[in-house]
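Participant: Structure provided below as structure tokens; questions to follow.
The values are calculated or read from the model by the stated rules, or taken from the named source; none is laboratory data. Please read these numbers as outputs of a predicted model, since none were measured by experiment. Because the Cβ atoms are built from the backbone with ideal geometry, glycine has one as well, and the counts that use them run over all protein chains shown.
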Amino acid sequence: MECVAWFPERKGFLSQQKLAGMNPVMLDSERVCRHTAMSAAGPPARGIPKQETIMNTPGIIIRDEKESDASIITGITVAAFADMEISDHTEQFVITALRSAGALSMSLVAEVDGRVVGHIAFSPVEISDGTRDWYGLGPVSVRPEYQRRGIGKALIREGLARLKSMGARGCCLVGHADYYPRFGFENVPGMVVAGVPAEAFFALSFDGNMPRGDVRFHEAFLAKGERKP
């Protein structure tokens, strides 16, 4: 699957399909994903019990990030996006900004043979109809040498399972139509992100109820660098 992307500072769709006017970076099957940069703080992040999960995929352990993982996550994210011309290479700053704002609702890492090789973030979104407890998926990154081994899929599946267990009502993202439906995501009429074509926005309801209205991701997605103390 080709990775495709949109940036607010680069008007246009940078892939095979010439759609335009979008902000997010999509997820290649085992590469990376960063979500739309709409400026609005979402609902407060909710605490999630610390867990460790040994996946069915041999050798992959998914666990919550630890404080000592922060710099490792930054390195993974930088490496995953380094050769991606369509990236503006600010994804690591987005994660740091989410963490600093207390909006990194869930941050999971994937370990293989004791080495942290992948990461996924979830953060709250705001929906104009007032629906709460929905979250945005991304960024996701996997070290280049570990891509296409099922690590990205394992991170997504485990993250969604944990969202459900903590009482979240749903999850949404902007992404590739050939990839996300396998996780249960679907295009939802009436649920939109400004500037994003309807066919590229996906939502997954955990309680059977779909919101209606404009969806805005956390303002941390606008981060372009580290904040000075």
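Participant: Please work out which residue is nearest to the chain's Cα centre (by Cα), limiting yourself to region 199-229 and to residues that are part of a helix (DSSP H, G or I) and surrounded by 13 or more Cβ atoms within 10 Å (Cβ to Cβ).
Facilitator: It comes out as Phe221.
Participant: Looking only at region 95-129, how many residues end up being touching a residue at least 60 places away in the same chain (Cβ under 8 Å) and over 12 Å from the mean Cα position of the chain (by Cα)?
Facilitator: 9
Participant: If you check Phe217, Phe206, Phe201, Phe185, which single one turns out to be free of Cβ contacts under 8 Å to residues at least 24 places away in the same chain and among the aromatic types (Phe, Trp, Tyr)?
Facilitator: Result of the check over Phe217, Phe206, Phe201, Phe185: Phe185.
Participant: Please state which one of Ile54, Ile48 is among the β-branched types (Val, Ile, Thr), surrounded by fewer than 16 Cβ atoms within 10 Å (Cβ to Cβ) and modelled with pLDDT under 95.
Facilitator: Ile54
Participant: Sticking with this one: Exactly one condition in (1) among the charged types (D, E, K, R); (2) at pLDDT below 60; (3) touching a helix residue (DSSP H, G or I) at 6+ places or on another chain (Cβ under 9 Å) is false for Arg99; which is it?
Facilitator: (2)
Participant: Next up: Inside region 128-167, can you point out the residues that are aliphatic (A, V, I, L, M), closer than 16 Å to Asp207 by Cα and crowded, with 24+ Cβ neighbours inside 10 Å?
Facilitator: Leu163
Participant: Which one of these is within 30 Å of Gly59 (Cβ to Cβ) and out of contact with any helix residue (DSSP H, G or I) (no Cβ under 6 Å at 6 or more places or on another chain): Gly130, Gly167, Gly138, Gly195?
Facilitator: On the way: Gly130 fails: within 30 Å of Gly59 (Cβ to Cβ); Gly167 fails: within 30 Å of Gly59 (Cβ to Cβ); Gly195 fails: within 30 Å of Gly59 (Cβ to Cβ).
The match here is Gly138.
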